Amino acid sequence: MKISIPKGTKDILPGEIEKYKYIQKVYANLLENFGFKQIRFPVFEHTELFQRGVGDTTDIVQKEMYTFKDKAGRSITLRPEGTASVVRSYIENGMSSYPQPIKLYYDITAYRYENVQKGRYREFNQLGAEVLGSDSPNADVEILNMLNYFFSKLGVQGLKLHVNSIGCKVCRTKYNEMLKEFFADKLDNMCEDCKQRYIKNPMRLIDCKQEKCSVISKDAPMLIDNLCDSCKEHFENVIRGLDEMNTPYIINKRIVRGLDYYVRTVFEFIAEGIGAQDTVCAGGRYDGLVEELGGTDTPGIGFAMGLERLISTLEKSGFVLPYEKNPVIFIAYIGEKAYKVARKIANELRINGIYCEIDINDRSLKAQLKFADKKNALYNVVLGENEIDTNKAIIKNMSTQEIKEVSIDSITKRIIENKI
RNA sequence: GUGGGUAUAGCUCAGUUGGUUAGAGCGCUAGGUUGUGGCCCUAGAGGCCAAGGGUUCGAAUCCCUUUAUUCACCCCA
């Protein structure tokens, strides 16, 4: 029986991995300019962290977690996202005594047990960041502005920022009552899911995609029109800040995030044409989460983006991501004696930071040069008895066909100094 | 959890109304007279035709079951 890769996972091979590395590098550099420091946290945590952090009523916790018992019988879960872990770490390491606010970014894999489709995997890569200890709308604006710059720097096209405010506990309680009132006599004409939502989370009635439901909910009151004074002021400041920073956005009253911890500002960067799963990046404010997880009342805001979705979007934009590195020089040889010299030169180049290829399978000259061609080597040099005896060899530029005779002793120096 | 598509070589795919040793292109390996690659030519390796069962003289092909995979719904990055 052949062993195959588990469902929803994939190998990232040479040719593909370079895209990940490139994006991760651009991301890390930019985030650090904005004052973020990297954090790493475990792939698995106590299940309770996600139950409390992400929320017991969410789909993620109810049906999508990779949960198992360890040998001591503790319930362990593979992280389905990063925010809960960062907040746990913030509390556990006493980061509230660091200069505030705390800005952290991360680069992780995450795990969700879901049915696979385009843009959705069971193991996927996320780039994320969190700002803890600021309830200022300036934090919201800074993050959105940074993300907007990040995507434009990468050359992403067709990605739009949708923002909304879903209020705080106070305005949401009031709003849920308004919604219940509005839907009370219309519920009979709505789908089964919506009947459940009516009881458990009325806010989600708004973003049901079923036609019969969306027709009804079209005229429902919107939370953004019913915010309390302080939430309203916060949102207005965010919008003003975006305008002042020339960050384009769309106010999308229907954005209601699926994680329990969000309050006030929520947002998504939505792509066109990459399949049904088109949210490349999403996030929002979570002012109650630190307290919920046992810390002192600390506001927070963060986001996560799906690297696989981002790469799809980039490729849709026609952007050519960096490919494998090509060797600077291929050193071919004929015979044992020449190999020993060639090997020393190759080693010298390699420890001096030059990507150099040499055959180790004792193959014919023709096979060696074919290999050099396939690897797109910039130069090649052939060493045989004659060359060793006369200390002269020919370096050839494989694309221009240019050749140059040089002394074997000088090859290393010439390549390193780029003087050929 | 629900519904649809697909499954033949490493990859992309042919394979007739069921009929002998299962095919192509690309890729891989080795050669094309002693030491310069790409183009071209030749040869080779590589398949339990996803698995199991059934129909039949005979199944890659028809039927059933299972598995994998993929797309979509729900929801999410």
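The values are calculated or read from the model by the stated rules, or taken from the named source; none is laboratory data. Remember, predicted model here, so these are calculated numbers, not experimental data. Cβ: placed from backbone, ideal geometry, glycine included. Neighbour counts: every protein chain shown. The protein model used for the area step is the full one, side chains on, heavy atoms only, and it has no ligands, DNA or RNA in it. Shrake-Rupley method; radii C 1.70, N 1.55, O 1.52, S 1.80 Å.
Results, tabulated for the structure shown:
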{"item": "Reachable aspartates and glutamates, given that their alpha-carbon falls under 17 Å from the alpha-carbon of A:K10 and they are not under 8 places away in the same chain", "result": "A:E18, A:E114, A:E123, A:E308"}
{"item": "Full-stretch length increase - A:C191, A:Y355 - with 0.36 nm per residue and alpha-carbon distance subtracted", "result": "52.9 nm"}
{"item": "Amide proton proximity set for A:G55, modelled H, under 5 Å, gap of 5+", "result": "none"}
{"item": "Cα→Cβ-extended label distance, 7 Å offset, between A:M222 and A:D362, nm", "result": "7.5 nm"}
{"item": "Accessible area of the stretch A:6-113 divided out per residue, in Å², using a probe of 1.4 angstrom", "result": "53 Å²"}
{"item": "Gain in span if fully extended, A:E16 to A:S407, counting 0.36 nm per residue against the direct Cα distance", "result": "136.8 nm"}
{"item": "Within the accessible area of chain A (1.4 Å probe), percent carbon and sulfur", "result": "48 percent"}
{"item": "Residue-wise HN-Hα coupling along the stretch A:274-288, computed from phi with Karplus coefficients 6.51, -1.76, 1.60 (Hz; x: Gly, Pro)", "result": "10, x, 5, 8, 10, 7, 7, 8, 8, x, x, 8, 9, 5, x"}
{"item": "Column: log10 I(q)/I(0), Debye, Cα scatterers of chain A, q = 0.08, 0.11, 0.13 Å⁻¹", "result": "-0.59, -0.90, -1.11"}
{"item": "Ranked by how many other beta carbons lie within 10 Å on average, peptides A:125-131, A:335-341, A:237-243 from highest", "result": "A:125-131, A:237-243, A:335-341"}
{"item": "Distance between the stretch A:344-412 and the stretch A:205-284 - C-alpha centres, whole angstrom", "result": "59 Å"}
{"item": "Radius, Kirkwood style, for the stretch A:1-143 when every pair of distinct Cα atoms is counted (Å)", "result": "17.1 Å"}
{"item": "Distribution of pairwise C-alpha distances over the stretch A:329-416, 5 Å bins, in %", "result": "3, 16, 28, 29, 20, 5"}
{"item": "In sequence order, calculated HN-Hα J values of the stretch A:329-336 (Karplus, 6.51, -1.76, 1.60; Hz; x Gly/Pro)", "result": "9, 10, 9, 9, 8, 10, x, 4"}
{"item": "Chain A: most fluctuating residue of A:C171, A:C231, A:C356 per GNM, C-alpha cutoff 10 Å", "result": "A:C356"}
{"item": "Cβ-based charge dipole, chain A, positive-most Cα from A:S96, A:F371, A:Y286", "result": "A:F371"}
{"item": "From phi via Karplus (6.51, -1.76, 1.60), per-residue ³J(HN,Hα) for the stretch A:71-86 in Hz, x at Gly/Pro", "result": "5, 9, x, 7, 8, 10, 9, 5, 4, x, 5, x, 4, 4, 5, 5"}
{"item": "Nitroxide proxy distance, nm - points 7 Å out along Cα→Cβ at A:N93 and A:Q62", "result": "3.5 nm"}
{"item": "Straight-distance crosslink candidates among lysines, where the alpha carbon sits under 21 Å from A:K160 and sequence neighbours closer than 8 are dropped", "result": "A:K118, A:K209, A:K253, A:K316"}
{"item": "Inter-label distance, nm, simple model (7 Å from Cα along the C-beta direction), A:I199/A:Y149", "result": "4.9 nm"}
{"item": "Efficiency of FRET between A:E292 and A:A28 - r from beta-carbon atoms, R0 35 angstrom, step 0.05", "result": "0.75"}
{"item": "30 Å Cα-Cα threshold exceeded, pairs from A:K7/A:K37; A:K337/A:K404; A:K337/A:K419", "result": "A:K7/A:K37"}
{"item": "Accessible surface, per residue, of the stretch A:329-416 when the full set of protein chains is kept, probe 1.4 Å, Å²", "result": "60 Å²"}
{"item": "R0 of 25 Å, Cβ-Cβ distance A:T279-A:E244: FRET efficiency to nearest 0.05", "result": "0.45"}
{"item": "Residues whose placed amide H lies under 5 Å from that of A:Y113, excluding near-sequence neighbours", "result": "A:M65, A:Y66"}
{"item": "Nearest-0.05 FRET efficiency for A:K7 and A:N391, computed from C-beta distance (R0 51 Å)", "result": "0.30"}
{"item": "Rg to Rh, two decimals, where the stretch A:166-242 supplies the alpha carbon set and Rh follows Kirkwood", "result": "1.04"}
